[in-house]
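I have placed the structure first, in the form of structure tokens, so that the comments after it can refer back to it.
The values are calculated or read from the model by the stated rules, or taken from the named source; none is laboratory data. Remember, it's a predicted structure, so these values are computed and weren't measured experimentally. Cβ atoms come from the backbone with ideal geometry, glycine included; neighbour counts cover every protein chain shown. Calculation scope for accessible area: heavy atoms of the full protein, side chains included, ligands and nucleic acids excluded. Shrake-Rupley method; radii C 1.70, N 1.55, O 1.52, S 1.80 Å.
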Amino acid sequence: MATPPIVVAALLVMAAAAQLASAYYQQQQPFTASDWQDGSATFYGDDSGLGADFGGACGFGANDILSLYSTYTAALSTPLFAQGNGCGQCYEIRCVGSRWCNPGSPSVVVTGTNLCPPNWYLPSDNGGWCNPPRQHLDMAPPSFYRLAQRVAGIIPVQFRRVPCQRPGGLRLCLQGNYYWLLVYVMNVAGGGDVSDLAVKRAGDPDCNYVHATHNWGITYQVFAALGNAQGLVVKMTSYSSPQQTIVVDDAIPAGWSTGICYQGSNNFY
């Protein structure tokens with residue numbers, strides 16, 4: 001008995017929908033942990049592990065460090081900093097092969113919030129710990145002390161990228177004005193990073209997304225006359241593979257102002 005045409009059409013539609021869903025899922029796969037790599041670690045800054053010193057090169061302020069990342073931060077050597085694309089990424093670190101490692105070699109997860117610049121006046125194996133191509137993490141002291149004793153100074157470590165676990169949605173802090181907008185992207189889950197950002201006015205069917213350019217660290221700049229009569233919709237794509245794209249449409253309301261941080265409900269995973 002032949003299958004009725006309407007049933008065939010329905011099956012074809014269902015198959016096409018399944019293919020689209022499969023393609024979307026493949027595109028939106030979650031970020032997963034990488035393999036362990038060898039590196040080294042030191043500590044720097046105030047012994048509290050808090051303050052603006054721990055976020056300068058990425059754009060995090062003292063309050064951002066305190067409220068979002070606490071003492072679980074690290075400055076990254078040039079290869080890991082990756083011209084600012086490493087800002088916000090999460091690393092699990094463990095001490096290995098040193099008599100100063102804490103018993104059981106516990107691990108700690110930190111967020112990359114700063115750059116550890118090279119020191120070309122010192123050799124890479126004697127003080128120039130952040131000289132390329134070294135993969136080095138200069139940690140906030142409390143996080144380093146979880147791995148090893150303070151007297152160690154520098155320790156050999158194994159590290160790996162891990163998914164960032166963040167409470168709530170992305171935080172978007174605004175600077176600039178209604179014609180030039182500087183967006184600080186924080187509290188990023190998943191890979192912890194952003195490669196592309198675009199903004200448009202909410203509720204305006206004739207308004208297309210305006211793509212931002214990467215300014216530095218966690219900041220993106222938008223050159224457009226956006227005004228604040230309407231809220232803003234922000235679309236972002238992650239930097240790390242597999243890339244994800246999300247839309248945050250409930251963070252920046254009508255009447256928004258620069259100098260304020262807004263938080264949405266959406267995040268990477």
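Couple of notes before you dig in:
- Subset of segment 89-100 (residues that are open to solvent by 20 Å² or more (accessible area, probe 1.4 Å), more than 23 Å from Tyr269 (Cβ to Cβ) and either in a strand (DSSP E or B) or not hydrophobic (A, V, I, L, M, F, W, C) (or both)): Arg94, Gly97, Ser98, Arg99
- Some residue of segment 120-131 being in contact (Cβ under 8 Å) with a residue 60 or more places away in the chain and more than 30 Å from Gly227 (Cα to Cα): yes
- Taking the criterion of being open to solvent by less than 50 Å² (accessible area, probe 1.4 Å), part of a helix (DSSP H, G or I) and in contact (Cβ under 8 Å) with a residue 40 or more places away in the chain, the residues of segment 26-74 that qualify are Phe54, Asp64, Ile65, Leu68, Tyr69.
- Residue count for segment 98-141, restricted to those that are within 26 Å of the chain's Cα centre (by Cα), hydrophobic (A, V, I, L, M, F, W, C) and within 17 Å of Asp38 (Cα to Cα): 7
Per-residue answers, yes or no, for (1) of a type in the set (Gly, Ala, Ser); (2) modelled with pLDDT of 95 or more; (3) surrounded by fewer than 14 Cβ atoms within 10 Å (Cβ to Cβ):
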site: Cys207; (1), (2), (3): no, no, no
site: Thr237; (1), (2), (3): no, yes, no
site: Gln243; (1), (2), (3): no, yes, no
site: Asp250; (1), (2), (3): no, yes, no
site: Ala254; (1), (2), (3): yes, yes, yes
site: Cys261; (1), (2), (3): no, yes, no
site: Phe268; (1), (2), (3): no, yes, no
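- Residue pairs meeting the criteria (Cβ under 9 Å; at least 6 apart or on separate chains; first under 26 Å from Val194 (Cα atoms), in segment 84-100; second among the charged types (D, E, K, R) and open to solvent by less than 30 Å² (accessible area, probe 1.4 Å)): Asn85/Asp193; Gly86/Asp193; Cys87/Asp193; Gly88/Asp193; Gln89/Asp193
- Of the strands (runs of 3 or more DSSP E) lying entirely inside segment 177-269, those containing at least 2 residues that are within 19 Å of the chain's Cα centre (by Cα) and more than 23 Å from Gln165 (Cα to Cα) are 196-201, 213-216.
- For segment 95-106, the criterion of being among the charged types (D, E, K, R) and in contact with a strand residue (DSSP E or B) (Cβ under 6 Å, 6 or more places away or on another chain) is met by no residue.
- Among the numbered conditions (1) surrounded by 15 or more Cβ atoms within 10 Å (Cβ to Cβ); (2) in contact with an Asp or Glu (Cβ under 9 Å, 6 or more places away or on another chain), the only one that Ile154 does not meet is (2).
- Qualifying positions in segment 123-175 - basic (Lys, Arg), within 30 Å of Gln221 (Cα to Cα) and in a loop (DSSP other than H, G, I, E, B): Arg166
- Within segment 216-234, the set of residues being free of Cβ contacts under 8 Å to residues at least 40 places away in the same chain and surrounded by fewer than 17 Cβ atoms within 10 Å (Cβ to Cβ) comprises just one member, Ala229.
- Residue among Leu182, Leu174, Leu137 that alone is within 15 Å of Ala75 (Cα to Cα), touching a Leu at 6+ places or on another chain (Cβ under 8 Å) and either open to solvent by less than 20 Å² (accessible area, probe 1.4 Å) or of a type in the set (Val, Ile, Thr) (or both): Leu137
- Qualifying residue in segment 79-87 (condition: more than 14 Å from the chain's Cα centre (by Cα), modelled with pLDDT of 95 or more and either open to solvent by 20 Å² or more (accessible area, probe 1.4 Å) or among the aromatic types (Phe, Trp, Tyr) (or both)): yes
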